[in-house]
Amino acid sequence: ETQLERVLNSTGTGAGLRVLLTEIILPVKRGQEQKAQVLADELSKITTQDEFSQAARKYSAAPTRATGGRVKWQKFDELPAVLKPLIFGLAPGEVTEPLRIRNAIALFQLRGVEETLYTQPKVGNIDYLTYTYQSSDIEISTKLTSEVNHCDDLYSIAPENPSHILKHFS
């Protein structure tokens, strides 16, 4: 009951974070890995947004090349897991270390950070169990109180008590 009540009463709001990035995706051709890495290391030292965008127009293989590598606002939580720690430590204007990806090296410059309101999606369906037994059965009451922390714990107790009724609802 407590878990169900918590889910139903949760406000589901809080703070979120979104980031504004510019990207450069350098293609890495076979036999030219070292050359691509040297260029990526140079590009990672860029400190201005204009210079990084110029480099994106010149070197990037990403579709954002035409817009100077500029990417629209992205929810931080929706970024790829490998990218989050690289972006999280940046200040606006700073560039990530070169990140090796399949057949390419990626670089990202942070252009902006913004806190947003976060609203947790509404729960569409709640699963729960009921367990019915004789109220005079003190032994089972004691066992349930001491051993059941979660609904799923009832699945191990119910088979031992064939006269009890365990029902699943969704």
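The values are calculated or read from the model by the stated rules, or taken from the named source; none is laboratory data. Model, not experiment: these values are computed from the prediction. Glycine also receives a Cβ, built like all others from the backbone with ideal geometry; neighbour counts cover every protein chain displayed. We work out accessible area using only protein heavy atoms, side chains counted, and drop any ligands, DNA or RNA first. Shrake-Rupley method; radii C 1.70, N 1.55, O 1.52, S 1.80 Å.
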On a 1.4 Å probe surface of the protein chains, which of Ser60, Ser141, Ser136 comes out largest in accessible area, and what is the full order? Ser136, Ser141, Ser60
Would you tally the net charge around Lys84, using a Cβ to Cβ cut-off of less than 13 Å, leaving Lys84 out, and scoring K and R as +1, D and E as -1? 0
Of the listed peptides 73-79, 24-30, what is their order by residue-averaged count of other C-beta atoms within 10 Å, with the highest listed first? 24-30, 73-79
Considering the Cα trace of segment 124-163, what is its radius of gyration and what is Dmax, both in angstroms? 11.2, 37
Setting aside same-chain residues fewer than 8 positions from Lys143, which lysines have a Cα under 28 Å from its Cα? Lys167
Cut-off 12 Å between beta-carbons: net charge of the residues surrounding Leu20, Lys and Arg +1, Asp and Glu -1: +3
Need the list of lysines near Lys45 for cross-linking: C-alpha distance under 28 angstrom, and skip anything on the same chain fewer than eight residues off. Lys29, Lys35, Lys58, Lys72, Lys75, Lys84
Do you know the relative contact order of segment 18-170, to the nearest whole percent, from alpha carbon pairs under 8 angstrom that are 6+ apart? 27
Two-decimal log10 I(q)/I(0) for segment 68-170, as the Debye equation yields it once each C-alpha is a single scatterer, q = 0.23 Å⁻¹: -1.25
Result for the chain: accessible area per residue, probe 1.4 angstrom, in square angstrom, of 69
